[in-house]
Amino acid sequence: MATIKDIAKKTKLSIATVSRALNNDPKVTEETKNLVLKIADELNYRPNILARNFSQKKSNIIGLILPDISDEFFSELIKGVDSVTFKQNFFTMVISTHRYYELENTLNSVLQNGLLGGMILLIPNINKSLKEILSQTKIPFVIISGGMHTTNYDVVSVDNYQGTYDMTNYLIKKCRYKKIAHITGPKENDDAKIRVKAFIEACRKNNISIPKNFIVEGDFTREAGVKLGMELMSLKNKPEVIFAANDMMALGCYDAASKKGLSIPDDIAVVGFDNIFVSQYLNPPLTTVSAQIEDEGKKAAELLIEKIVSKDLSRTQPKKIKIATELIIRNSTKQCK
């Protein structure tokens with residue numbers, strides 16, 4: 001791999017001059033810059049990111065810290081973030097906290113090594129220990145979260161309430177369902193809390209009673225959808241439709257229906273939330289709430305890069321960006337008018 005020393009040797013310039021030219025120093029003439037860039041391209045030179053970060057005491061590496069990277073939701077979020085960072089000459093480092101359990105330890109590790117120039121954190125909620133860590137960090141960060149207890153932070157969030165309320169309203173008013181079950185996300189997750197709140201309030205406003213065993217707690221995984229879907233489908237007074245709090249659990253409900261020998265939507269309907277790519281290819285295609293996941297990642301990356309470039313860490317009014325949702329009506333519910 002070519003180095004700055006190799007470029008200096010071929011251009012007959014000093015290493016310091018080559019370094020300044022590569023970093024677009026205004027003191028270097030255009031003629032010299034063009035020569036250095038031409039030779040760098042011929043030698044297929046690629047800068048040593050870590051070395052440059054160390055010497056300049058800054059970093060163009062953005063840490064995208066996620067609770068997991070195993071399903072399609074996270075893939076779409078990564079795609080959104082990376083599409084923005086790549087165009088702005090930043091690099092995205094994806095870091096998994098392994099389903100929430102090691103978030104504080106992970107944050108402490110990445111903040112201590114000085115590698116990152118900024119962070120995007122997808123977090124289930126903000127607890128006391130996390131607040132303490134964030135209050136001490138000197139690097140810019142943006143949070144992707146449901147938005148509860150995030151008053152002091154720059155946050156990008158999906159409109160969980162409106163999306164869930166609209167879907168529940170659609171199931172009741174358009175599809176005429178009266179027996180609606182809900183598989184929630186984890187009870188400590190802010191997105192899940194908002195979604196179940198909206199579900200309950202939409203049902204109450206439409207005078208739909210919710211049996212106690214019609215709301216069950218999941219964990220956003222397909223496995224939870226299978227297990228809880230089987231339980232709901234085995235009830236003596238089973239629901240007409242299951243509203244899963246995300247598409248991965250809705251996929252699990254499809255598996256459960258298959259195991260039970262039930263047809264979707266004739267025997268039981270299923271709807272989800274997120275509109276992940278695979279949802280349109282299920283049989284039947286899944287009715288769901290589009291959360292525009294990729295756009296959520298893009299907005300978070302744009303906001304973070306804006307903070308990094310402006311170096312404005314003392315802004316008194318944190319920015320709140322809410323991503324609108326949209327109902328995606330397919331065939332996993334009966335024909336509704």
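The values are calculated or read from the model by the stated rules, or taken from the named source; none is laboratory data. If you're wondering where the values come from, they're calculated on a predicted model, not measured in any experiment. A quick note on method: Cβ atoms are made from the backbone with ideal geometry, for glycine too, and the neighbour counts reach across all protein chains shown.
Observations on the model:
- Filter pass, ILE264 being in contact (Cβ under 8 Å) with a residue 12 or more places away in the chain, in a loop (DSSP other than H, G, I, E, B) and more than 15 Å from PHE73 (Cα to Cα): yes
- The lone criterion from (1) in a helix (DSSP H, G or I); (2) among the small types (Gly, Ala, Ser); (3) surrounded by fewer than 17 Cβ atoms within 10 Å (Cβ to Cβ) left unmet by GLY297 is number (3).
- The C-beta contact set for the range 285-304 (first residue at positive phi, second residue of a type in the set (A, V, I, L, M, F, W, C), distance under 8 angstrom, 6+ apart or interchain) comprises GLN292/VAL158; GLN292/ILE323; GLN292/ALA324.
- Filter result (surrounded by 13 or more Cβ atoms within 10 Å (Cβ to Cβ) and either among the small types (Gly, Ala, Ser) or without any contact (Cβ under 8 Å) to a residue 12 or more places away in the chain (or both)) within the range 201-219: ALA202, GLY218
- The listed residues are MET248, MET230, and the only one of them that is in a helix (DSSP H, G or I), at pLDDT 95 or above and either under 18 Å from the mean Cα position of the chain (by Cα) or of a type in the set (S, T, N, Q) (or both) turns out to be MET248.
- Looking across LYS197, LYS187, LYS193, LYS173, one residue alone is in the same structural domain as PRO239 (by TED's automatic domain parsing), more than 22 Å from LYS322 (Cβ to Cβ) and out of contact with any strand residue (DSSP E or B) (no Cβ under 7 Å at 6 or more places or on another chain). It is LYS173.
- Residue check for GLY146: buried (at least 22 other Cβ atoms within 10 Å of the Cβ), part of a loop (DSSP other than H, G, I, E, B), at pLDDT below 85 and assigned by TED's automatic domain parsing to the domain that holds ALA300: yes
- The listed residue being within 20 Å of PRO285 (Cα to Cα), surrounded by 16 or more Cβ atoms within 10 Å (Cβ to Cβ) and of a type in the set (D, E, K, R), out of ARG222, ARG195: ARG222
- Scan of the range 173-211 for residues that are part of a helix (DSSP H, G or I) and more than 25 Å from GLY146 (Cα to Cα), ordered by number: LYS173, LYS174
- Any chance VAL241 is crowded, with 21+ Cβ neighbours inside 10 Å and among the β-branched types (Val, Ile, Thr): yes
- Of everything in the range 267-284 that is part of a strand (DSSP E or B) and in contact (Cβ under 8 Å) with a residue 40 or more places away in the chain, the residue that is farthest from LYS179 (Cα to Cα) is ASP274.
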